[in-house]
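Asker: Before we start, here is the structure in question, set down as structure tokens.
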């Protein structure tokens, strides 16, 4: 089901982020080790089944990790859809492929019946030892325009729901607001925000600011439950996320239960403001029980 159809009918969209299967890059696998990818797929399908009752769709992120091989997100989504019959949202990253490969990937996604895709630029790799940054399409809006043109020439297909990121922390900047508007006008259906690490009411004031700047399409908010204090510190260092001292202190003194309860409060804070927030994307962090504790 298209996420745009869910929010268009007035419902709060619940998207669950699950991690695609992967394996260590060549040279990092022990000589005598055997990896059964079919087992990893089965584990993902099992996790999806456990969450099916509380999920409208499942999102597959593209991870920036040069030490691992990440299976193509669209191919993984097509296989999961075939085996689990759930709506799966693959992520296509402009950083990783040239334009010919990107277009071929989108054409296959449409052929495979994937009703939703997410387009991101992708954070650049930083060192020479890491993979090359491609960015044949430097702007999400440019690529979305091409996708809409491609759709118009394919028979027997319905409009794909395209999701793309929006950084609400920057929406008050004139230049960034212009970028967001360009993405919307190019054909993005749903915006997905950065991870939410603050009071929901304060955070949603930025949505009001976005609307005032002409952003009209639905906005879904990312909830990334923190496991404990060490996990939060790692996220700050790795992703540059801003996590308040109060939240860090709560994680340090109360542990995992504080992280779950904080994520739960944020989820229900969004749910209680459906006129402003159209949905949530919750990361499993590899633990399906974590999501059930947040939404129930």
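The values are calculated or read from the model by the stated rules, or taken from the named source; none is laboratory data. Bear in mind that the values here come from a model prediction, so they are computed numbers and not experimental data. So basically every Cβ, Gly included, is an ideal-geometry build from the backbone, and we count neighbours across all protein chains shown.
Asker: Within segment 42-58, is even one residue surrounded by fewer than 13 Cβ atoms within 10 Å (Cβ to Cβ) and either in contact with a strand residue (DSSP E or B) (Cβ under 7 Å, 6 or more places away or on another chain) or under 18 Å from residue 281 (Cα atoms) (or both)?
Answerer: Yes - at least one qualifying residue is present in segment 42-58.
Asker: Give the residues of segment 91-111 that are crowded, with 17+ Cβ neighbours inside 10 Å and farther than 22 Å from residue 155 by Cα, sorted by residue number.
Answerer: Hits for segment 91-111 are 91, 92, 93, 94, 95, 96, 97.
Asker: Filter segment 2-12 for residues that are in a loop (DSSP other than H, G, I, E, B), out of contact with any strand residue (DSSP E or B) (no Cβ under 7 Å at 6 or more places or on another chain) and at negative phi and give the result.
Answerer: Residues satisfying the conditions are 9, 11.
Asker: Residue under question is residue 40, and the condition is that it be more than 28 Å from residue 235 (Cα to Cα) and modelled with pLDDT of 85 or more; does it hold?
Answerer: no
Asker: Please give the number of the condition residue 51 fails out of (1) touching a residue at least 24 places away in the same chain (Cβ under 8 Å); (2) more than 19 Å from the chain's Cα centre (by Cα); (3) within 19 Å of residue 73 (Cβ to Cβ).
Answerer: With respect to (1) touching a residue at least 24 places away in the same chain (Cβ under 8 Å); (2) more than 19 Å from the chain's Cα centre (by Cα); (3) within 19 Å of residue 73 (Cβ to Cβ), residue 51 is out only on (2).
Asker: Mind telling me which of the residues 138, 142, 97 ends up being farther than 20 Å from residue 81 by Cβ and without any contact (Cβ under 8 Å) to a residue 40 or more places away in the chain?
Answerer: It is 97.
Asker: Return the residue satisfying two criteria in turn: it lies in segment 63-90 and is under 21 Å from residue 162 (Cβ atoms) and in contact with a helix residue (DSSP H, G or I) (Cβ under 6 Å, 6 or more places away or on another chain), and of such residues it is surrounded by the fewest Cβ atoms within 10 Å (Cβ to Cβ).
Answerer: By that ranking, first place goes to 86.
Asker: Of everything in segment 13-38, what is in contact with a strand residue (DSSP E or B) (Cβ under 6 Å, 6 or more places away or on another chain), crowded, with 17+ Cβ neighbours inside 10 Å and part of a loop (DSSP other than H, G, I, E, B)? Give them in sequence order.
Answerer: Hit for segment 13-38 is 18, nothing else.
Asker: Kindly list the number of the only condition in (1) buried (at least 18 other Cβ atoms within 10 Å of the Cβ); (2) modelled with pLDDT under 95 that fails for residue 199.
Answerer: Condition not satisfied by residue 199: (1).
Asker: For segment 79-113, give me each residue that is touching a strand residue (DSSP E or B) at 6+ places or on another chain (Cβ under 8 Å) and closer than 24 Å to residue 282 by Cβ.
Answerer: Across segment 79-113, the qualifying residues are 80, 81, 86, 87, 88, 89, 90, 91, 92, 93, 109.
Asker: What is the one condition in (1) farther than 22 Å from residue 184 by Cβ; (2) modelled with pLDDT of 95 or more that residue 92 does not satisfy?
Answerer: (1)
Asker: Further question on the same structure: Test residue 138 against the stated conditions and say whether it is touching a helix residue (DSSP H, G or I) at 6+ places or on another chain (Cβ under 7 Å) and more than 17 Å from residue 190 (Cβ to Cβ).
Answerer: The answer is no for residue 138.
Asker: Separate question: For segment 76-114, give me each residue that is under 17 Å from the mean Cα position of the chain (by Cα), within 20 Å of residue 3 (Cα to Cα) and outside any helix (DSSP H, G or I).
Answerer: 86, 87, 88, 89, 90, 91, 92, 93, 114
Asker: For residue 183, are the conditions met, namely being closer than 24 Å to residue 88 by Cβ, at pLDDT 95 or above and touching a strand residue (DSSP E or B) at 6+ places or on another chain (Cβ under 7 Å)?
Answerer: Yes; evaluated as a whole, the condition is true for this residue.
Asker: Related question: Report the residue count in segment 152-173 for those that are at pLDDT 95 or above and exposed (fewer than 14 other Cβ atoms within 10 Å of the Cβ).
Answerer: 1
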